[in-house]
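In what follows, a structure is listed as structure tokens, so that the remarks can point back to it.
What follows is calculated from the coordinates using simple rules that are stated; it is not laboratory data. Treat the numbers as computed from the prediction; the structure is a model and nothing was measured. Virtual Cβ from ideal backbone geometry, glycine too; neighbours counted across all protein chains shown.
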Amino acid sequence: MSHTRWRPTRERTLTEGYAESPEVTTERAEARLAMAFAKAVYDRRKELGLSQAEVAERTGLTQAKVSRIEGADTIPMLPLLRRLAQALDASLNIALDSDHEEVTFTAHPAA
């Protein structure tokens, strides 16, 4: 089967005024948020030179759970967000708009 036909069909559909359903739009936004959070955790962990196991130990999680967070397979609830921020020695900043999600960790100043 040739996949080269898919792209022109997709492009044609988009130019003809196709609009996603609200459910798909919501799912896409949730996936973007999960990926933004996963990247922020990964980037901060690497910045500190920590392994997933070390972050897990600092947060009281398993290494597998940290891996799922970094893989965007799960979005932690608020108490776990706090524990992650503390373990990564940073403040967690989340900006949510209708079409943009931004998640960053801001390192605590050195004492």
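Considering each of Gln63, Gln52 in turn, give the residue that is surrounded by fewer than 19 Cβ atoms within 10 Å (Cβ to Cβ), over 20 Å from Glu101 (Cα atoms) and not β-branched (Val, Ile, Thr).
Working: Gln52 fails: surrounded by fewer than 19 Cβ atoms within 10 Å (Cβ to Cβ).
That would be Gln63, the only listed residue that is surrounded by fewer than 19 Cβ atoms within 10 Å (Cβ to Cβ), over 20 Å from Glu101 (Cα atoms) and not β-branched (Val, Ile, Thr).
Could you list all residues from region 87-99 that are in a loop (DSSP other than H, G, I, E, B), surrounded by 11 or more Cβ atoms within 10 Å (Cβ to Cβ) and under 16 Å from the mean Cα position of the chain (by Cα)? Steps first, please.
Restricting attention to region 87-99, the residues satisfying the condition of being in a loop (DSSP other than H, G, I, E, B) are 88-89, 97-99.
Now narrow it down to the ones that are surrounded by 11 or more Cβ atoms within 10 Å (Cβ to Cβ): 88-89.
Leu88, the sole residue that qualifies.
Only residues in region 53-73 that are over 15 Å from Lys39 (Cβ atoms) count as the first member; pair them with residues that are of a type outside the set (A, V, I, L, M, F, W, C) and exposed (fewer than 13 other Cβ atoms within 10 Å of the Cβ), Cβ under 7 angstrom, at least 6 apart or cross-chain, and list the lot.
From residues that are over 15 Å from Lys39 (Cβ atoms), there are no pairs.
For region 67-100, what are the residues that are more than 15 Å from Lys46 (Cα to Cα) and of a type in the set (Val, Ile, Thr)?
Thr74, Ile75, Ile94
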